[in-house]
2 protein chains.
Amino acid sequence: MTSSATTLKGQPLDKAVLESILKRRLFYTPSFEIYGGVGGLYDYGPPGCSLQANIVDTWRKHFILEEDMLEVDTTALTPHDVLKTSGHVDKFADWMCKDPKNGDILRADHFVEAILEARLNGDKEARGVKVEEKEEDPKKKKKKKAKTEAVKLDDAVVQEYEEVLARIDNYGGPELGELIKKYDLKNPATGVRPSDPVSFNLMFQTSIGPSSNYPGYLRPETAQGQFLNFAKLLEFNQSQMPFASACIGKSYRNEISPRAGLLRVREFLMAEIEHFVDPEGGKKHTRFHEVEDLELVLLDRDTQLAGKTETKKIKIGEAVKTRLVDNETLGYFLARIHLFMRRIGVDESKMRFRQHMANEMAHYATDCWDCELFTTSGWIECVGCADRSAYDLTVHANKTGAPLVVRERREEPLVIEEWQIDIEKKKFGPLFKKDAKTVESALLATSQEQREQLAKELETGNISLDVAGVGDGKVQIGKDAIAIEFRKRVENTREYTPNVIEPSFGIGRILYSLMEHCFWTRGTEGGDEARGVLSFPPTVAPTKVLLVPLSSNDKFRPALKKLSQRLRTAGVSSRVDDSSASIGKRYSRNDELGTPLGITIDFQTVQDGTITLRDRDSTTQVRADEDKIIEAIKSLVDGSKTWADIEAELPKFEGQEVEVVSR
Amino acid sequence: MTSSATTLKGQPLDKAVLESILKRRLFYTPSFEIYGGVGGLYDYGPPGCSLQANIVDTWRKHFILEEDMLEVDTTALTPHDVLKTSGHVDKFADWMCKDPKNGDILRADHFVEAILEARLNGDKEARGVKVEEKEEDPKKKKKKKAKTEAVKLDDAVVQEYEEVLARIDNYGGPELGELIKKYDLKNPATGVRPSDPVSFNLMFQTSIGPSSNYPGYLRPETAQGQFLNFAKLLEFNQSQMPFASACIGKSYRNEISPRAGLLRVREFLMAEIEHFVDPEGGKKHTRFHEVEDLELVLLDRDTQLAGKTETKKIKIGEAVKTRLVDNETLGYFLARIHLFMRRIGVDESKMRFRQHMANEMAHYATDCWDCELFTTSGWIECVGCADRSAYDLTVHANKTGAPLVVRERREEPLVIEEWQIDIEKKKFGPLFKKDAKTVESALLATSQEQREQLAKELETGNISLDVAGVGDGKVQIGKDAIAIEFRKRVENTREYTPNVIEPSFGIGRILYSLMEHCFWTRGTEGGDEARGVLSFPPTVAPTKVLLVPLSSNDKFRPALKKLSQRLRTAGVSSRVDDSSASIGKRYSRNDELGTPLGITIDFQTVQDGTITLRDRDSTTQVRADEDKIIEAIKSLVDGSKTWADIEAELPKFEGQEVEVVSR
């Protein structure tokens, strides 16, 4: 977060300018705005909706189709028991503080972060360094916010604050509370120190059915629905391992104080993969060799714990070899995420993979790397790639008794020599009556070492076993009720609970970051105001082609209609602008919508059937007959050719561009 | 509901057989099944998910792209105020009864329907007529249900019951309560008459934000999110009318006792169009001529109110001309719905459009036609096409003050002569002080006739005006505070609130009905058990092509890999089955998944590169080189050619089919 955000062309990026374009062109808009709006809820208008659909479509091709994943569509409504078992009812929470004076509710980590950053900014100002303020939701700006006051700090204090900030995601509630006291952090709105942080569960609660005694939640992730279907999916996959399921759908988190626009919302589209893998054999991946030479930018756990943010650029093959990244499957997905981001147009120089610190990880994860994208709001987590180990399948199996396991025939039968306990039910049952089950469980829970010892004791008389809750906590068992023997056992089947590698994508965050990465402003030669351009790759651009007749002359209508129809048949979305504005103005309006290609229909079209095709980014044009232009468009949209390829193939056209520039 | 459901080939359709295939092949499955399941919640597995995605994709092309609709993606979470204004908080409810003995909660209309149908079935049995029982969720069958007892009824009673059933959707709670008393209807589980029906709101409630004082609901329809964005969408559309918005997303209804599988669920995918139209000029549609000759099967309101269910087949142009269907725009959408259903493979002989009866309509509708599909559960509402008039835009504008209107420049200025009231603020204000606003409103609310009368009174002294809540309910106003004059006013702008025609699709119900319509069983010549086939059109089929190597011989692998890759590039989903089962068995497994095409790779492929293409429905095959086969597949999948076309173009192949049949 040391540098500040730039446009695609390296210009300083003014978030307010971009946001005003995005809202004006209805990429997105606050939901329920005529009712005053609700924090953290946004609607997508036509271009945003189309951009989102294209990103999702690319995701589906890149992940699901490419690797034959099993896509499922599960419900967002989830009964309480499922999320109790998964740990979300108890642990899916943020820490919040309350201002005792005005009742403001603050998210504790964000509060600490904001005040310390403000103090550091004040220090920089006092030292004469130019300060860039991070942008916030303009609505919230009306509230008094942590303002930069020019106060110089001790060098040691500066270093301490910076280290705290680098570790901010690693603190729990009590630690955040201590920081608030230690640094005497006050709510700028009141000048009062907020209360100690308390835990606030982030799930939306509701009640299912008419009787109101069946509580449920809106899912906070799509993952649980996939885990619960594990056994059916494994069967559907003809019991072949490894395999992955995937789900694209809305999830919900009741954020304490959402503000950063699309980056922190309460309802959001997720695309999640659960890749089920054998925990033995080092979690290899058969296609890892395809990506091993790809270089990723990594920020590891140790660096962060040292209070630093330096990244290293390293081949993923090397990172796995040195165990910086734990295993091939995790590494494979990090690389595939990188390739996906590149494919949709993310700026690779603004992408890094950050490893979670121990306290930061979700309760189910054993390791986690976030794909972060750099924006005007700093580094934003857009994809989490977690190793959930066998956590979820194990807890659900334990709770329900469902066998969420893989059973495989062993190539070589496994021969085990071990101490086994036989129970003589006829004697054992009457001996312990209602406690028989409990005593049996205690017996079977004994270790091999204990059994060897017990076997010896049994030879000479009764054994004595600790069984909590039965009698005085000790029971006596004799030879007539049990036997303990050292025997061979042959296992032909191996049974194991798969581990899960989970790449989890926040589509809205990716979409917003992509809009920042693709944005730039074009100056005009005549000294006009700079004009915004969104240089989406054709694959994800909301509309692919703008159709522009030279004027509203009726002569152009038939060609226009025919072209629209042909593009529709080719599956290419187009839009006609036959308004009376100049051609230059019409193109420039569509630059803001990110439309990559433009076709002009002019008098020559009527004469010889040729049309011109314009490239948004370079504004250069080619001219050819309709068939060739449509072929060119198809290959640009499916990504098989670049504009440079098309320029090399088709005759350049210079006519209209003069007109475009001159207006 | 007089006839019973059949398969695509006219065989009697056994719902239990079909459902067992659909669940076994993971088209869908009860959500949270390992936790015992939750009524009305289902997950889609890979084939169901893909079928759903293809139906939605076809819908998007058929409606949104074809007519340049403005697609939006709005939130499901909706604040209380919005749904209070829309009327859903007060009126979006079903009537439920409680069994006082065992606490069973029953949906009143379904309860009356079930018992009367059971009595009619008992009557038929007593008269010696064969009775087909309607299928229900097998789980619920365990409960004691309304059983058919062979009791003969009076002819008059039979007729009365049948008339009640034809009108069942027309009854409100009190009327249902009277029917329960009149016919002494008892809960079969207890033999006790349930309580009087009470209203139960069907929305899931939750709380937004950390302070728990901001109630919200999960939307019961996507429509409200579209209405609230009306002004922005109109501007996005460059103020052009008419236009339509569309939204595809999940909606939620807390059904009282969901049971009919996918037909009545609590979380479901909707695709809704809000077409905004000028209420003046008869709601014409510029493309109506394209569909006017299409014949639809209609069941109108009057027929149902007479207790009948006869339909008429009529051209939509004729239906609009005779005002059977109110206007062109409504008629246009009914026709477009029909064409959509045909395109995805719905059996047209099992489709009708039923008009709502007055009491049956939602609180916002002035007219409504349902597109119903016939299934083993009778006629099922799959699409509602309602005229919501200006209801929603008006109530939201009144509540929020937002101008949800269209402003158009009049071609001819409108000159209005009318009585106008001028208020002399300086006198008027001090006269009424805090009541000034109220009195002013009362004055401005007067009619033209009243004003004419008041003007006369004012000439001779003070006027006396009724103003509730001010003084004794009457106020006196004199010439110094107001003037009332007859004057001309010129309006250059016309302002109106658009009407809304709303086609609203329940994707899950369409998907399930489609599965019934496409299902049939194939007998084998050897007398094997009948095998299920789902004859989805290639456009919507979950997987388009099955790739089958003759055996697991390594020789076939390169051709298989190359073909998979080529199909993927062509955007055609395929699946390899290289298991050791016979080719016939492998094809038959994929008949159940509805895969329309199969490619066999055999020794000849290795020699000369030719492959065979098999049609699921006829099981006939053609053989040609890879390029030709891939071209054929593309044209079958995009719907531009039929199998008959392909058979006419490419050489027939008879070799393997012998092998298929012989196994």
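Region A:218-309 holds helices (runs of 4 or more DSSP H) entirely within its bounds, and those carrying 3 or more residues that are at pLDDT 95 or above map to A:223-228, A:230-236.
The sole residue among B:Leu334, B:Leu431, B:Leu443 that is in contact (Cβ under 8 Å) with a residue 24 or more places away in the chain and open to solvent by 60 Å² or more (accessible area, probe 1.4 Å) is B:Leu431.
Search region B:611-645 for residues being among the β-branched types (Val, Ile, Thr) and closer than 19 Å to B:Gln565 by Cβ, and hand back the single one that is farthest from the chain's Cα centre (by Cα). Outline the logic, then answer.
In the first step, residues of region B:611-645 are kept if they are among the β-branched types (Val, Ile, Thr); the result is B:611-612, B:619-620, B:622, B:629-630, B:633, B:637, B:642.
Subsequent filtering for residues that are closer than 19 Å to B:Gln565 by Cβ retains B:611, B:629-630, B:633, B:637.
Working: B:Ile611: 43, B:Ile629: 38, B:Ile630: 36, B:Ile633: 32, B:Val637: 26 Å.
The extreme case among them is B:Ile611.
Are any of the residues in region B:537-544 among the aliphatic types (A, V, I, L, M), under 33 Å from the mean Cα position of the chain (by Cα) and either buried (at least 19 other Cβ atoms within 10 Å of the Cβ) or closer than 24 Å to A:Gln240 by Cα (or both)? The answer is yes, given that some residue of region B:537-544 is among the aliphatic types (A, V, I, L, M), under 33 Å from the mean Cα position of the chain (by Cα) and either buried (at least 19 other Cβ atoms within 10 Å of the Cβ) or closer than 24 Å to A:Gln240 by Cα (or both).
For region A:235-251, give me each residue that is surrounded by fewer than 23 Cβ atoms within 10 Å (Cβ to Cβ) and either within 30 Å of A:Gly378 (Cβ to Cβ) or touching a helix residue (DSSP H, G or I) at 6+ places or on another chain (Cβ under 6 Å) (or both).
Those that are surrounded by fewer than 23 Cβ atoms within 10 Å (Cβ to Cβ) and either within 30 Å of A:Gly378 (Cβ to Cβ) or touching a helix residue (DSSP H, G or I) at 6+ places or on another chain (Cβ under 6 Å) (or both): A:Ile248, A:Gly249, A:Lys250, A:Ser251.
I'd like to know if region A:142-151 contains one or more residues that are modelled with pLDDT of 80 or more, part of a loop (DSSP other than H, G, I, E, B) and open to solvent by 90 Å² or more (accessible area, probe 1.4 Å). Scanning region A:142-151 turns up no residue that is modelled with pLDDT of 80 or more, part of a loop (DSSP other than H, G, I, E, B) and open to solvent by 90 Å² or more (accessible area, probe 1.4 Å). A search for C-beta distances below 6 Å between a residue of region A:13-40 that is more than 21 Å from A:Gly594 (Cα to Cα) and any residue that is open to solvent by less than 20 Å² (accessible area, probe 1.4 Å) and among the aromatic types (Phe, Trp, Tyr), counting only pairs 6+ apart in sequence or on different chains, returns A:Val38/A:Phe32.
Among residues of region A:573-615 being within 14 Å of A:Pro538 (Cβ to Cβ), touching a helix residue (DSSP H, G or I) at 6+ places or on another chain (Cβ under 6 Å) and within 11 Å of another protein chain (Cβ to nearest Cβ), the one that is most open to solvent (accessible area, probe 1.4 Å) is A:Ser574.
In region A:401-418, which residue that is outside any strand (DSSP E or B) and touching a residue at least 40 places away in the same chain (Cβ under 8 Å) is nearest to the other protein chains (Cβ to nearest Cβ)? Spell out the reasoning first.
Just the residues of region A:401-418 that are outside any strand (DSSP E or B), to begin with: A:401-405.
This time we only want the ones that are touching a residue at least 40 places away in the same chain (Cβ under 8 Å), so: A:402-405.
Values: A:Ala402: 4, A:Pro403: 10, A:Leu404: 8, A:Val405: 13 Å.
Checking each candidate, the answer is A:Ala402.
What about B:Glu295, is it more than 14 Å from chain A (Cβ to nearest Cβ) and either open to solvent by 10 Å² or more (accessible area, probe 1.4 Å) or polar (S, T, N, Q) (or both)?
Values: more than 14 Å from chain A (Cβ to nearest Cβ): yes; either open to solvent by 10 Å² or more (accessible area, probe 1.4 Å) or polar (S, T, N, Q) (or both): yes.
Taking the combined requirement at face value, the residue satisfies it.
Scanning region A:452-482 for residues that are under 30 Å from A:Glu412 (Cα atoms) and among the hydrophobic types (A, V, I, L, M, F, W, C) turns up nothing. Selection of region B:17-36 for residues being more than 13 Å from chain A (Cβ to nearest Cβ) and over 25 Å from the mean Cα position of the chain (by Cα) yields B:Val17, B:Ser20, B:Ile21. Where strands (runs of 3 or more DSSP E) sit wholly within region A:459-540, those with at least 1 residues that are among the hydroxyl-bearing types (Ser, Thr, Tyr) occupy A:463-466, A:482-496, A:499-506, A:519-522.
Taking region B:182-234 as the range and being in contact (Cβ under 8 Å) with a residue 60 or more places away in the chain, facing chain A (nearest Cβ under 10 Å), over 25 Å from B:Ala362 (Cβ atoms) and open to solvent by 10 Å² or more (accessible area, probe 1.4 Å) as the test, only B:Tyr214 passes. When B:Asp370, B:Asp347 are checked against the criterion of being at pLDDT 95 or above, buried (at least 19 other Cβ atoms within 10 Å of the Cβ) and of a type in the set (D, E, K, R), a single residue qualifies: B:Asp370. Restricting attention to region A:37-55, the residues being more than 7 Å from every other protein chain (Cβ to nearest Cβ), in contact with a strand residue (DSSP E or B) (Cβ under 6 Å, 6 or more places away or on another chain) and modelled with pLDDT of 95 or more number 2. Does region B:161-181 contain any residue that is within 14 Å of chain A (Cβ to nearest Cβ) and in a loop (DSSP other than H, G, I, E, B)? No; the residues of region B:161-181 include none that is within 14 Å of chain A (Cβ to nearest Cβ) and in a loop (DSSP other than H, G, I, E, B). Per the conditions (1) over 40 Å from the mean Cα position of the chain (by Cα); (2) at pLDDT below 90; (3) acidic (Asp, Glu), the sole criterion not satisfied by B:Asp608 is (2). Selection over region A:373-387 of residues that are acidic (Asp, Glu) and either open to solvent by less than 10 Å² (accessible area, probe 1.4 Å) or not in a strand (DSSP E or B) (or both) gives a count of 1. When region B:564-580 is filtered for residues that are in a loop (DSSP other than H, G, I, E, B) and closer than 23 Å to B:Leu18 by Cβ, only B:Asp577 remains.
Residues checked against (1) of a type in the set (Asp, Glu); (2) modelled with pLDDT under 95; (3) part of a strand (DSSP E or B):
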residue: B:Ile314; (1), (2), (3): no, no, yes
residue: B:Glu318; (1), (2), (3): yes, no, no
residue: B:Arg323; (1), (2), (3): no, yes, no
residue: B:Asp326; (1), (2), (3): yes, yes, no
residue: B:Thr329; (1), (2), (3): no, no, no
residue: B:Tyr332; (1), (2), (3): no, no, no
residue: B:Ala335; (1), (2), (3): no, no, no
residue: B:Leu339; (1), (2), (3): no, no, no
residue: B:Arg352; (1), (2), (3): no, no, yes
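Answer with yes or no whether B:Trp95 is more than 26 Å from B:Glu348 (Cβ to Cβ) and of a type in the set (A, V, I, L, M, F, W, C). Yes: the conditions hold for B:Trp95. Any residue at all in region B:478-493 that is of a type in the set (S, T, N, Q) and farther than 19 Å from B:Ala445 by Cα? Yes, the conditions are met somewhere in region B:478-493.
Applying the condition of being more than 30 Å from A:Ala402 (Cβ to Cβ) and touching a residue at least 60 places away in the same chain (Cβ under 8 Å) to region A:470-505 and asking which residue is nearest to the chain's Cα centre (by Cα) yields A:Lys488.
For the structure I just gave you, tell me whether B:Phe505 is of a type in the set (Phe, Trp, Tyr), touching an Asp or Glu at 6+ places or on another chain (Cβ under 8 Å) and open to solvent by less than 10 Å² (accessible area, probe 1.4 Å). Write out each step before concluding.
Values: of a type in the set (Phe, Trp, Tyr): yes; touching an Asp or Glu at 6+ places or on another chain (Cβ under 8 Å): yes; open to solvent by less than 10 Å² (accessible area, probe 1.4 Å): yes.
For B:Phe505, the condition - of a type in the set (Phe, Trp, Tyr), touching an Asp or Glu at 6+ places or on another chain (Cβ under 8 Å) and open to solvent by less than 10 Å² (accessible area, probe 1.4 Å) - is met.
If you check B:Gly571, B:Gly594, B:Gly584, which single one turns out to be at positive phi and modelled with pLDDT under 90? First the steps, then the outcome.
Details: B:Gly594 fails: modelled with pLDDT under 90; B:Gly584 fails: at positive phi.
The unique qualifying residue is B:Gly571.
So which residues in region B:252-261 are surrounded by 20 or more Cβ atoms within 10 Å (Cβ to Cβ) and either free of Cβ contacts under 8 Å to residues at least 60 places away in the same chain or in contact with a strand residue (DSSP E or B) (Cβ under 6 Å, 6 or more places away or on another chain) (or both)? Correct list: B:Tyr252, B:Arg253, B:Asn254, B:Ile256. When region A:166-180 is filtered for residues that are farther than 15 Å from A:Ala114 by Cα and without any contact (Cβ under 8 Å) to a residue 60 or more places away in the chain, the ones remaining, listed by number, are A:Pro174, A:Glu175, A:Glu178.
The values are calculated or read from the model by the stated rules, or taken from the named source; none is laboratory data. This one's a predicted model, so the numbers in the text were calculated from it and none came from an experiment. For neighbour counting, all protein chains shown are included, and Cβ atoms are generated from backbone atoms with ideal geometry for every residue, glycine included. Ligands, DNA and RNA are excluded from the accessible area calculation, which covers all protein heavy atoms including side chains. Shrake-Rupley method; radii C 1.70, N 1.55, O 1.52, S 1.80 Å.
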